[in-house]
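Report on one structure; see the data block that follows.
The values are calculated or read from the model by the stated rules, or taken from the named source; none is laboratory data. Everything quoted here is computed from the prediction, not taken from an experiment. Neighbour counts run over all protein chains shown; Cβ positions are idealised from the backbone, glycine included. For the accessible areas, the whole protein counts, side chains as well, though only heavy atoms, and no ligand, DNA or RNA atoms are used. Shrake-Rupley method; radii C 1.70, N 1.55, O 1.52, S 1.80 Å.
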Amino acid sequence: MSESAVMQAFEKKAIEKQAFEKPAVGKRAIKKVANTHGAQIAERFSAAAHSYQDHNQLQRLSAASLLSEFTAKGHLLDIGAGPGTDFSVHDFAHQSEHHAEQGLMQNPQTTVFAVDIALGMLHKLKQSYPDYHGVCADAECLPFVDGCIDVIYSNLALQWCGNFAAAVAEMARVLKPNGECHLSLVAQGSLNQLAELGLRVNDFSTLESLKAAFKLDTWQSLEVQLIPMTVHFDTLKTLLYSIKGVGASVQSVSSSHSAHSISSANSTRLIDSTSQAAGEVAGAIAAADLAPRLRGRQDWLAMQAKAESLRVPQGLPLTYQIVQIRARRGI
């Protein structure tokens, strides 16, 4: 299948010009549905595009684990691609000498289709990976023909979907028979240290609910693993910015807003009326709200003192529960 056939809703020349925001209607009509949650995510992650790689310790750790059993081949779809992943060393064409000696046939060169809901991330991606085909789209409505993708990769992106089951159904639709998907997502039980600091953490999905989205009549194999991953920071400020810096300061769909939650507007007022440090905390909380409200420098110092009680030799810890899913599409 040709690249133009795969990208039926996007003209290749438009993508190469980075006109991601102007899809051309193809054979499969893509419905534009007003989605406030999706719009918030796109705005946040676009704004974080330039700082993302300064704060992506968790993303790098998770990617290393996910890529350890991943082979890039054929038409590769990276969902929630962010600033991009280097798949070259995992390409099937770079198979071992043993395989080469066996005379095994190599697949054609891998073609990478990088999907992200945030336009800013795709512009950043094209700077490092000009050969990748950037597609600005929602994981719940992929603009690709049925059965055109060989393998799907997604690292720490799909937990932001409003309907994860819909995203799984879309992956099943675009994958070829026997096609694979390799996913990692943040799951329930993450960021407990933030809760200990008095911050309200997003209600991430459970391992069981994520697993249930893969229907047995569609997927012929399914491997699900829960992997705790801890990253460490020198200061509380860098810990908080490790989340905001990658664009994750968006409430999950299932989280209700507290009466004491701090909006962007009154975060700005907090900066103006109290200490800069307290204002930065209000702006840096990602996947959490302040509860109770930070009132100024004294509250910030109290939070710092509480954080110091959690310090270990490596630094201030922040622990995530990462669900890693490897599944194969049925025939």
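Key figures for this structure:
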item	result
Leu125 being of a type outside the set (Lys, Arg), open to solvent by less than 20 Å² (accessible area, probe 1.4 Å), part of a helix (DSSP H, G or I) and in contact (Cβ under 8 Å) with a residue 24 or more places away in the chain	yes
Count of the stretch 172-183 residues which are within 16 Å of the chain's Cα centre (by Cα), more than 15 Å from Ala212 (Cα to Cα) and among the hydrophobic types (A, V, I, L, M, F, W, C)	1
Close pairs (8 angstrom Cβ cut-off, 6 or more residues apart or separate chains): more than 15 Å from His133 (Cβ to Cβ) and of a type in the set (Lys, Arg) in the stretch 73-94, outside any helix (DSSP H, G or I) and at pLDDT 90 or above anywhere	Lys73/Thr110; Lys73/Asp150; Lys73/Val151
Residue among Lys215, Lys211 that alone is part of a loop (DSSP other than H, G, I, E, B) and closer than 25 Å to Asp146 by Cβ	Lys215
Filtered residues of the stretch 309-322 (kept if more than 11 Å from Met229 (Cβ to Cβ) and touching a residue at least 40 places away in the same chain (Cβ under 8 Å))	Leu310, Val312, Gln314, Gly315, Leu316
Failed condition for Ser255, given (1) under 23 Å from Pro317 (Cα atoms); (2) over 14 Å from the mean Cα position of the chain (by Cα); (3) modelled with pLDDT under 80	(1)
Residue check, Val186 open to solvent by less than 30 Å² (accessible area, probe 1.4 Å) and within 18 Å of the chain's Cα centre (by Cα)	yes
Residue check, Phe70 out of contact with any Pro (no Cβ under 9 Å at 6 or more places or on another chain), modelled with pLDDT of 95 or more and in a loop (DSSP other than H, G, I, E, B)	yes
The stretch 152-168 residues that are closer than 14 Å to Ala212 by Cβ, paired with ones that are in a strand (DSSP E or B) and open to solvent by 10 Å² or more (accessible area, probe 1.4 Å) (beta carbon under 9 Å, 6 or more apart)	Val168/Trp219
Search result, residues across the stretch 92-125 that are modelled with pLDDT under 80 and within 20 Å of Ile152 (Cα to Cα)	Phe92, Ala93, His94, Gln95, Gln106, Asn107, Pro108
Residue ID - nearest to Arg328 (Cα to Cα), chosen from residues in the stretch 201-239 that are surrounded by 17 or more Cβ atoms within 10 Å (Cβ to Cβ) and among the aliphatic types (A, V, I, L, M)	Ala213
In the stretch 128-174, residue most open to solvent (accessible area, probe 1.4 Å) [restricted to those that are hydroxyl-bearing (Ser, Thr, Tyr) and in a loop (DSSP other than H, G, I, E, B)]	Tyr129
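Here's the yes/no breakdown for (1) under 24 Å from the mean Cα position of the chain (by Cα); (2) at pLDDT 50 or above:
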residue	(1), (2)
Leu226	yes, yes
Thr235	no, yes
Val250	yes, no
Asn266	no, no
Ala287	yes, no
Trp300	no, yes
Pro313	no, yes
Gln321	yes, yes
